[in-house]
Amino acid sequence: MTPKDRLAALRLPAFAAPMFLVSGPDLVVACCKAGIVGSFPAPNLRTSAELGDWMAQIRAQLTEADAPWALNLVTHSTSPRLQGDLEQVAIHQPPVVITALGSPKPVLPTVHAYGGLVFADVISVALAKKAVEAGADGLVLVCSGAGGHTGELSPLVFVERVRQFFDGPIALAGAINTGEAILAAQVLGADFGYIGTAFLVAEENLASPEYRAMCVTSDATDLLVTRAFTGARASMLKPSMVAKGLDPAELEFKVAKLNFTGRQNEAVKPWSGIWGAGQGVGKIERIEPAAAIVDRLAREYEAAKARARRLCA
């Protein structure tokens, strides 16, 4: 089957979003075997060679009977690794590549050459138009409420505006943390829910026990959206800032220079012990396997569809 066919055959129309220093091969495989797209970001590895090792591990454990997997690539102009990463992509052929913080254009020839799909992660209507004009096969619309790098638009506005010029597949991100929210995303006009925060407590991820525990005890009031760490808007857990001796009030309006070279801001080290989460964090109740999280989402999704049918009747 083609990647497009495999996306259409998902058990649940959802992606487990790529999470910095959290998503790894075990989580990707567990999600794919549970019936949703598993993904991870290339910056979780220090080198392109290590990226190739992870992709090889994932490919060895999955078959076409499983859901497809996705790789997230940073295409910002300051990223020094893109060419090396693309060489590994050509070898290991992830069915879906998700570009972020830059144009999808540099990625398209490599991925299309083996029949893969390119989704562009965007935070505005203007960037969505540019990604479509560049040739992206699909879009990830990052709305207000998303964890880590986040957007500002309401999903009610973002999907409607993008559907005026794009009829391809859309994954919607931003507090998509329940089965009801996945169905709501589809009602708005998206095709998939894009879920990160729910998997911050998956047993198979790379998060520290302290990070997982903080997610269980936190809610949306514990979040701060700031540009202090990478220069891009990011939704981060205030308790993790306090634990590092930082004052959230001082960071709220601080802006770091947008930089993905790996060289750290001397005043505030990007992401070092500062943990991201989305507004759905208050829904988290326990640490559990990824399959159990997907099972819950699937039950909620089916129950929401049943309620919708009754309402429509």
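The antiparallel fraction among DSSP beta bridges confined to the chain stands at about 20%.
Step by step: find N for segment 1-133, compute 2.2 N^0.38 Å, then divide the Cα radius of gyration by it. What's the final number?
0.98
From most to least packed by mean Cβ count within 10 Å, the peptides 178-187, 216-225 give 178-187, 216-225. Positive contributions from Lys and Arg (+1) and negative ones from Asp and Glu (-1), summed over other residues with Cβ under 13 Å from the Cβ of Pro95, come out at -1. Springs between Cα atoms under 10 Å define the GNM used for the chain, and in it the highest mean-square fluctuation of Trp275, Trp69, Trp54 occurs at Trp54. Fewest neighbouring Cβ atoms within 10 Å first, the residues Tyr114, Tyr194 line up as Tyr114, Tyr194.
Comparing Cα centroids, segment 85-120 and segment 134-185 end up 20 angstrom apart.
Only helices enter the 222 nm calculation for the chain: every DSSP H run of n ≥ 4 contributes -39,500 (n - 2.57), and dividing by all residues gives -11000 deg cm²/dmol, rounded to 500. In terms of its C-alpha gyration tensor, segment 51-199 comes out prolate, because a/c is 1.5 or above and the ratio a/b outweighs b/c.
Please report, in debye to the nearest 20, how large the charge dipole of segment 1-61 is about its Cα centre when each Lys and Arg carries +1 at its beta carbon and each Asp and Glu carries -1 there. Don't skip to the answer; put the middle values down first.
Working: 6 positive and 4 negative charges, 41 e Å.
Here the size comes out at about 200 debye.
Number of Lys-Lys pairs in the chain with C-alpha atoms under 28 Å apart and a separation of 8 or more places or on different chains: 23. The charge dipole of the chain, taken about its Cα centre with unit charges on the Cβ of Lys, Arg, Asp and Glu (plus for the first two, minus for the last two), comes to roughly 460 debye.
None of the figures in this text is laboratory data; all of them are computed from the coordinates on show. Source: prediction; values computed, not measured. Cβ: placed from backbone, ideal geometry, glycine included. Neighbour counts: every protein chain shown.
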